[in-house]
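Worksheet: the structure to be examined is printed underneath.
The values are calculated or read from the model by the stated rules, or taken from the named source; none is laboratory data. Just so you know, these numbers come straight off a predicted model, no measurement behind them. Positions of Cβ are generated from backbone atoms using ideal geometry, with glycine treated the same way; all protein chains shown enter the neighbour counts. Quick note on the areas: whole protein, heavy atoms, side chains included, nothing else; ligands and nucleic acids left out. Shrake-Rupley method; radii C 1.70, N 1.55, O 1.52, S 1.80 Å.
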Amino acid sequence: MKRYYENLNEVGIMGKELIHIIKNGLWDENAVLGLCLGLCPALAVTTDAKNGLGMGMALLFVLSSSVLIISLLRNVIHEKVRVPFFLAVIAGFVTITDLALKAYIPPLSKSLGIFIPLIVVNCTVLGRVEVYASKNPPIKAFVDGIAMGVGFTIILIIMGGIRELLGTGSFFGFPI
């Protein structure tokens, strides 16, 4: 019975840590708001809310996938090839994202243009891989990647929505 309560306590502690990680990603360590990282895509592609959502979802996929893979392999990555390995993993997921957008959502791909391939060198992605994923277990790293990606996406949608509202009087293409 004692072991049962110890397991419940471990689950409770892990749950609290995950909630803290989510809060950090959405607000406390938001890449655009708090750290001023990723400003180039935030300012360049957010001409409307749809572009903000599209760019945010692309970054969310790349970030969450990359941090998961890096975290899983963190103990076998040699120190000398750490950064090139990180870039190769990120570039792989960016390529998947870019090709999927070109195949399934060509207008969005054309609208986002060069900013999808530039996710490879986005400070948000590389920073989270280096600072968090390479030092934490997969569950924490994945939750951190999702939270950071969602936080980034929310800011891009807000910025794009404001610009679209002021520029065309619409939001997600719907007149206001």
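The figures follow:
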quantity: Positive-end residue of His78, Thr95, Pro106, charge dipole of the range 43-140 with Cβ unit charges; calculated: His78
quantity: Accessible surface of Glu17 - all protein chains present, 1.4 Å probe, nearest 10 Å²; calculated: 70
quantity: Alpha-carbon Debye profile of the range 46-138, log10 I(q)/I(0) at 0.20 Å⁻¹; calculated: -0.88
quantity: Sparse-neighbourhood loop sites, trypsin sites (Lys or Arg not before Pro) in the range 69-176 - DSSP loop, at most 11 other Cβ within 10 angstrom; calculated: none
